[in-house]
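Down below is the structure, laid out as C-alpha cells.
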Amino acid sequence: MTRIEAITVSCGYGDFLAQTLPENLSLVDDLVVITAPWDTETISVCRKHSVRYLETQEYKRGGAFNKARLINRVLDQISAHDWILHLDADIVLPRKFRRLVDWAHLDERCIYGADRCNLTGWDRWQALKRYAGAWDNHAHQCGHWFHPELQAGSRWISAIHGFVPIGFFQLFHGDALTQGGYRVRSYPIHHGDAARSDVQFALQWDRRNRHLLPEVIVLHLESEPAKLGANWRGRTTARFGPAPASTTSRLATTRPVS
C-alpha cells in the first residue's frame, strides 16, 4: 500500500477547507495544513477534524502572497519518507483515490499531476453530494469519465517544456527532494505570489519524469466564475457557502491585498 502525506496551504480558504477536508482526510495517511494566525476559520476547521496545522506570518514575506514559502515550511515538518501530495484547499479527491494510485504503479523518480473537473457554486456541490454521495470518476471496474455537466480544467503544456503538473495536485516522492542528505528540490520563493512557483517546482524534474496520472480526476470547487489568477495574490473571490439573504458576502477572514 502506497503511503501518502498531504500538505495544503489555506490562507482565507477555511470555507473551502470545511468542505474538502472531510472528503480527503481518510484518503491520505497524514495531512498538514499551513495558514496565517488571523485565519481563525481554517484553524477551527483543522481543530474540528484533529488535523495538524501550522501558523505563520511568512505568507507575505517577499511578496503579496508567497505561497512557496508556506509549502517549503510544511515540507520541513513532515517525514517525507514516502509519497507527498501537494493539494489545494479547494480540491476534492475521488473516493477511490488510494486504489487508483496503487493501480498506477508509481515511479519514485517522477512527479505526477491529475486532471480536474470544475464545479462552480455551493448549490451544485450540495446537489452532487445528495445524488452521488461523494466525488468519483470510476465505475463498472473500467469506466473512467469526466462529469458531463462540469467543465474540465485545462492542462499546463509549455511549448518549450511540455506537460507540467501544476499546484492544485502534485504527487512526488520524498526521496526526490533530497540527495546525499541535502535538499535539492524545493519551491522557488522569489516569484512573490502564487502565480508560477508551482510550475517552477515541477520543472525541476525532466519531462520524461513529469507525468499525468490518468487514473485520477479531482474535483475543483469554485464559489463563482472568476478570471485566471483572481486569487494568486490573496483570496478575492466570494465565500463558498449558502447564498446570504441579502447581499453577496465576501470571505470574512480574507486580508486585503496591499
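The values are calculated or read from the model by the stated rules, or taken from the named source; none is laboratory data. Quantities reported herein were computed from a predicted structural model and do not represent experimental measurements. Note that we place each Cβ from the backbone using ideal geometry, even for glycine, and neighbour counts take in every protein chain shown.
I'm told Asp15 meets every condition in (1) among the acidic types (Asp, Glu); (2) assigned to a helix (DSSP H, G or I); (3) surrounded by fewer than 20 Cβ atoms within 10 Å (Cβ to Cβ); (4) at pLDDT 95 or above except one. Can you identify the failing condition by its number? Failed condition: (3).
Give the residue, chosen from Arg116, Arg95, that is buried (at least 21 other Cβ atoms within 10 Å of the Cβ), among the basic types (Lys, Arg) and closer than 24 Å to Thr8 by Cα. Result of the check over Arg116, Arg95: Arg116.
All of (1) outside any strand (DSSP E or B); (2) surrounded by 23 or more Cβ atoms within 10 Å (Cβ to Cβ); (3) not hydrophobic (A, V, I, L, M, F, W, C) hold for Thr8 with one exception: (1). Residue pairs whose Cβ atoms lie under 9 Å apart, sitting 6 or more positions apart in sequence or on different chains, and linking a residue in segment 73-84 that is without any contact (Cβ under 8 Å) to a residue 40 or more places away in the chain to a partner that is in a loop (DSSP other than H, G, I, E, B), are Arg73/Thr56. Report whether or not Arg155 is touching an Asp or Glu at 6+ places or on another chain (Cβ under 8 Å), farther than 24 Å from Ala243 by Cα and surrounded by fewer than 18 Cβ atoms within 10 Å (Cβ to Cβ). Judged against the criteria, Arg155 is a match. Does Val33 fit the bill of being within 26 Å of Asn137 (Cβ to Cβ) and among the aliphatic types (A, V, I, L, M)? Taking the combined requirement at face value, the residue satisfies it.
Cβ-Cβ contacts under 6 Å between residues 6 or more apart (or on different chains), taken from a first residue in segment 130-156 that is charged (D, E, K, R) to a second residue that is surrounded by 14 or more Cβ atoms within 10 Å (Cβ to Cβ) and modelled with pLDDT of 85 or more, are listed as Asp136/Pro94; Asp136/Arg95.
Scanning segment 136-160 for residues that are in a loop (DSSP other than H, G, I, E, B) and either modelled with pLDDT under 90 or among the β-branched types (Val, Ile, Thr) (or both) yields Asp136, Asn137, His140, Gln141, Cys142, Trp145, Phe146, His147, Pro148, Glu149, Ile160.
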